[in-house]
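The values are calculated or read from the model by the stated rules, or taken from the named source; none is laboratory data. Computed from a prediction, not measured in an experiment: that's the story for all the values here. Note that each Cβ is placed from the backbone with ideal geometry, even for glycine, and that neighbours are counted across all protein chains shown.
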């Protein structure tokens, strides 16, 4: 008995995984889709009381870590909290301006939401606050409907309503375990989108720097530039000079802190220092009478409740716009918050549950919308400062909230003389670091398609609108997945010398083709979207192979399909295989399958394709399949070439 | 030197395919996307004159086969052509009624388009004609805007315009090589959609069968049923009895022909026989005065040119609706035509070029719209009859067109007395065979998800509208692809006894786990959509493995990721791998990759991940990776468990 024959008889059959009952497999696939992190694991085999406690701790993580909180931790958190508060106050005021809101709302938003987050959030580093891009989006989407300067009351109501719906949507995503929707914003899309938005925000700050009074509400490059250059006669040099000085100051401190990371606090305190210096300067020189715009009166006191505002807005005609704005800004804010939280968690190697974070962020926005706060999340810049300042737990957020509370109660009059140009300079400094051209270059180097996604998002945001950019980026990202499936790669495989291993000859040029056997590798699931392509492509491979062998002694007798990378198959795919089999039969070529996976085998069995092809023609490895074919080639008589050619002539 | 060490040193390195210049790889990927069938191959190495001839033959296939046409072929084509003409005349009149058009337009549509297709089409079996589902769609989409009975002229103009745009869209898809868009209508979606449409069309025929005069324009179950049952007092028994008789006749002949396929012509001639019998009956009994509606006067003469009608409609306010209708009906008609042409080509084993077929179908509709024809394609029923009648080439279409021409010139007065109820019976008989419940059962058995797609399309069409059904079906189909990518399967692999082969232990329960090494198989490309899922899932596998090993002597020391099925990776995926690597390093676990493909290796190299993980930790097969790990486990000292646990306590 030859060794090849021996192998054929002793071979392991390709297994069909045991069929599970329908509801069992449905349950397990739903679990993988919605509960991939298995949050119920900890509840197993526990008493009811313990389960209740664990449940409370699951939804309110502070209950879990507060008992273990120490004074050591508090010292660290206190320093971090004060540091981020010094950033929160000027940034809060600035971003409120970006959202066309009264500045005090920016301060309100740094008071209530951080407190809520400290209780519900599971990140130890996230510093809660308002963010630039969603602020811009709010003003560009709602500003179209209601003029924020002429009809401030209605505008504020709509912003609060949008915040409410953003919160509801965020919490709902988390509760319904749909967090993976956020994953569809690819990293490349976010880079392009954020850079574009930062560019637009920077350009808009020309209003403050140049001391312009009238300015476009548009958020695209063209209308901003038009607005700037049609008003050259209105430019104020005083404002411009002051702006440039502060920009220089802010960029220098940042550069310094980057060079020497121990002095991170220089950078962190720079915005507050600028505000103080700017205010002092205006107060002393009375520059407000010489073309420098100032914040003016800020209402003293804590956040007023705003439930009644929400109620009014619910009856307004603009409700749908507010809901739409809420959902879009909510998703973007969520994506930033989750990504930031996750990055720092990886740094400190603790675990963050995305869906739980969504609930926390959503709840803080719902609570915020009832207490005159607008949309908040975990901005990257503030979180990085928090991290650098050595925060240990979410208590740093509580410290920050307390500091903001004190500001609101006692210090608001101090901001009367703060010049708007300083706020513009602060925004520009924050935004410039978001324009991540290095990431774009990296994308170009590694993955051209990701670069296209990134650059389209950028162009969409800069020349169209923030929403356009977002839609384009998501659409192209999805298109990529669809294209991958619609045009899977097929490649010819050869044997790697001195082994039973077969690999693509494109990747391993030294692999040897096996005479008389065509081995094809399919690189994607076989679905309706690629079934007809694969049919065409495989028959083209066979044609080309036969063409090549036309004048040689060998005949193409076997086609081995390597199914290792075919993760799944649907009914269209099975019909495609059936057609290929028929086609091969007609040409007197034997079709052989190698290594179909469990899912694929199940479907092949149910559709009776295994009976069509014969279980004996399905092998666990390509090597075994080739051995078996070779054995047959050697023992059976080869087809007579002459007879074949005659037959060809007849047809 | 041990054998394991020997293997490690002699091993084949995982190759990085040679980098091609950017434009070269762009060109080749564009070629695979748009020209997978390589239509330019035949032009290579030819003289200019020959190239020109080949080009003409490419676009006008009749030039290629006409010189080889024989009288033998003509005899066969003549019989087939006459047979399908006998089907074309009653079907043409019936489907025109379904599209709310004057019956004669149905006859016109069986004259010009078949002639065009005979010249441009590459299928030898396709019989051109109008089809039921797009006819229904036309009347339901355009009927909403213009009442076909009160404003017939405008309605006809819009239908012709829709046909024109359908043709332009179809030809453009072919010219731009975008034929693969049609592939996104999965087989399951088409089954459900067609069955639903057939159900609705059947229900609508209750109008004809019951002799109702007023009827809903809605195409959903609810409004049709309402229309039928609110008019019980208007039902005409004469019409009902006649209808049931003809239905019985038609179903009996079909049953007979199915049982004895030699008598296919019995079924093929049955519609014409019914029309003749029905007309004679009405003529003799003057049943038109007793509640039996008849066709009435049909205009004699060939197709009038309709360019001026198109021109008028181009200026109308309903142009956008006409364009939308054209595009939707065009895609559906195209999908049917291509699928039918391809099926019969596979049967006779010749090749059909999808994109070329699209151009042919598009051109015939453009030409049709200029000569008073409405949307045509290759309906399944008529093509099957053509095939059974033994057609050899597209000449059978020319014969059919000639027969229809003779009808139009001389025989139209014969249809004066044809009762509408016969036409309804003909439509019902044709439609019932489209309700493919057997296919739905097959889908349920083989692939539950495909069944869901199918049944949603069905429900969408029957209870919503034809467009709703279509959108739902396509959306669910795409969602499936996205879900496959978003939630890839990961599984633990074990060694198959007595071999170097490692396979999923789910599929091969006898595979042995390797102590100290966790081998994970990833089943899909690693993209942004699944990067964070995979990160969570892989760390959960590691956690679970460590949990299991807690009280055993072994430690988890190696994680081998089998990348065989990872067809592609993007920058988010690479970041994910980097994070897993960091995470593994922190736990003192070594990350090993097995068999990354060419694409993946290229990206890993460009992003420097290969340097991070070390080229020596990437293996061609899982077997080699495991051998190397085992060798290290045996030679190096195992980590002291005690030390580890101490370290754990500290953290």
- [ ] For the stretch B:58-70, name all the residues that are touching a residue at least 24 places away in the same chain (Cβ under 8 Å) and in a loop (DSSP other than H, G, I, E, B).
- [x] B:60, B:61, B:69
Open item on the list: Exactly one condition in (1) at pLDDT 85 or above; (2) within 12 Å of another protein chain (Cβ to nearest Cβ) is false for residue B:15; which is it?
Closed with: (1)
- [ ] May I ask you to verify whether residue A:242 is closer than 18 Å to residue A:419 by Cβ, in the same structural domain as residue A:460 (by TED's automatic domain parsing), touching a residue at least 40 places away in the same chain (Cβ under 8 Å) and out of contact with any strand residue (DSSP E or B) (no Cβ under 8 Å at 6 or more places or on another chain)?
- [x] no
- [ ] Could you pull out the residue among A:108, A:58 that is outside the structural domain of residue A:414 (by TED's automatic domain parsing) and over 17 Å from residue A:431 (Cα atoms)?
- [x] A:58
Open item on the list: Anything in the stretch A:491-501 that is surrounded by 21 or more Cβ atoms within 10 Å (Cβ to Cβ) and at the interface with another protein chain (Cβ under 10 Å from one of its Cβ atoms)? List them, or say none.
Closed with: A:501
TODO: Mind counting the residues in the stretch B:602-622 that are out of contact with any helix residue (DSSP H, G or I) (no Cβ under 7 Å at 6 or more places or on another chain), part of a helix (DSSP H, G or I) and either surrounded by fewer than 18 Cβ atoms within 10 Å (Cβ to Cβ) or not assigned by TED's automatic domain parsing to the domain that holds residue B:529 (or both)?
DONE: 4
Open item on the list: Within the stretch A:536-554, does at least one residue satisfy the condition of being more than 9 Å from every other protein chain (Cβ to nearest Cβ), modelled with pLDDT of 85 or more, in contact with a helix residue (DSSP H, G or I) (Cβ under 8 Å, 6 or more places away or on another chain) and farther than 30 Å from residue A:137 by Cα?
Closed with: yes
Open item on the list: Residues that are farther than 30 Å from residue A:284 by Cα and either at pLDDT 90 or above or more than 20 Å from the chain's Cα centre (by Cα) (or both): does the stretch A:418-434 have at least one?
Closed with: yes
Task: Number of the exception - residue A:349 against (1) touching a helix residue (DSSP H, G or I) at 6+ places or on another chain (Cβ under 9 Å); (2) under 29 Å from residue A:148 (Cβ atoms); (3) without any contact (Cβ under 8 Å) to a residue 60 or more places away in the chain - done: (2)
Open item on the list: Just to check your reading of the model, which residue among B:645, B:599 is at pLDDT below 90, assigned by TED's automatic domain parsing to the domain that holds residue B:550 and farther than 21 Å from residue B:15 by Cα?
Closed with: B:645
Task: Failed condition for residue A:341, given (1) more than 18 Å from residue A:176 (Cβ to Cβ); (2) surrounded by fewer than 20 Cβ atoms within 10 Å (Cβ to Cβ) - done: (2)
Open item on the list: Residues to consider are A:85, A:99, A:76; find the one that is under 26 Å from the mean Cα position of the chain (by Cα), touching a residue at least 12 places away in the same chain (Cβ under 8 Å) and surrounded by 12 or more Cβ atoms within 10 Å (Cβ to Cβ).
Closed with: A:99
Task: The listed residue being closer than 26 Å to residue A:608 by Cα, more than 9 Å from chain A (Cβ to nearest Cβ) and part of a helix (DSSP H, G or I), out of B:435, B:455 - done: B:455
Task: Hits in the stretch A:542-566 - residues which are surrounded by fewer than 16 Cβ atoms within 10 Å (Cβ to Cβ) and assigned to a helix (DSSP H, G or I) - done: A:543, A:544, A:546, A:547, A:548
Task: Unique match (being out of contact with any strand residue (DSSP E or B) (no Cβ under 9 Å at 6 or more places or on another chain) and surrounded by fewer than 20 Cβ atoms within 10 Å (Cβ to Cβ)) among A:362, A:354, A:301 - done: A:301
- [ ] Please identify the pairs in which a residue from the stretch A:138-164 that is over 22 Å from residue A:366 (Cβ atoms) has its Cβ atom under 7 Å from the Cβ atom of a residue that is surrounded by 24 or more Cβ atoms within 10 Å (Cβ to Cβ), counting only partners at least 6 apart or on another chain.
- [x] A:140/A:219; A:140/A:466; A:146/A:155; A:146/A:158; A:148/A:155
Open item on the list: So residue A:511 ticks every box in (1) more than 13 Å from chain B (Cβ to nearest Cβ); (2) under 26 Å from residue B:525 (Cβ atoms) but one. Which box is left unticked?
Closed with: (1)
- [ ] Count, please, the residues in the stretch A:42-57 that happen to be surrounded by 12 or more Cβ atoms within 10 Å (Cβ to Cβ) and either assigned to a loop (DSSP other than H, G, I, E, B) or at pLDDT below 80 (or both).
- [x] 3
Open item on the list: Taking the condition of being closer than 26 Å to residue B:350 by Cα and over 31 Å from the mean Cα position of the chain (by Cα), how many residues in the stretch A:562-572 meet it?
Closed with: 2
- [ ] Filter the stretch B:459-477 down to residues that are within 14 Å of chain A (Cβ to nearest Cβ) and buried (at least 19 other Cβ atoms within 10 Å of the Cβ) and give me whichever is farthest from residue B:525 (Cα to Cα).
- [x] B:473
Open item on the list: Whether any residue in the stretch A:199-210 is within 22 Å of residue A:466 (Cβ to Cβ) and within 14 Å of another protein chain (Cβ to nearest Cβ) is what I want to check.
Closed with: no
Task: Leading residue by the ranking (surrounded by the fewest Cβ atoms within 10 Å (Cβ to Cβ)) among those in the stretch A:574-601 that are assigned to a helix (DSSP H, G or I) and more than 9 Å from chain B (Cβ to nearest Cβ) - done: A:585
Open item on the list: Testing residue A:177 on (1) in a helix (DSSP H, G or I); (2) over 23 Å from residue A:296 (Cβ atoms), one condition comes back false. Which one is that?
Closed with: (1)
- [ ] Inspect all residues belonging to the stretch B:451-461 and state whether any of them is assigned by TED's automatic domain parsing to the domain that holds residue B:161, in contact (Cβ under 8 Å) with a residue 12 or more places away in the chain and under 30 Å from residue B:291 (Cβ atoms).
- [x] no
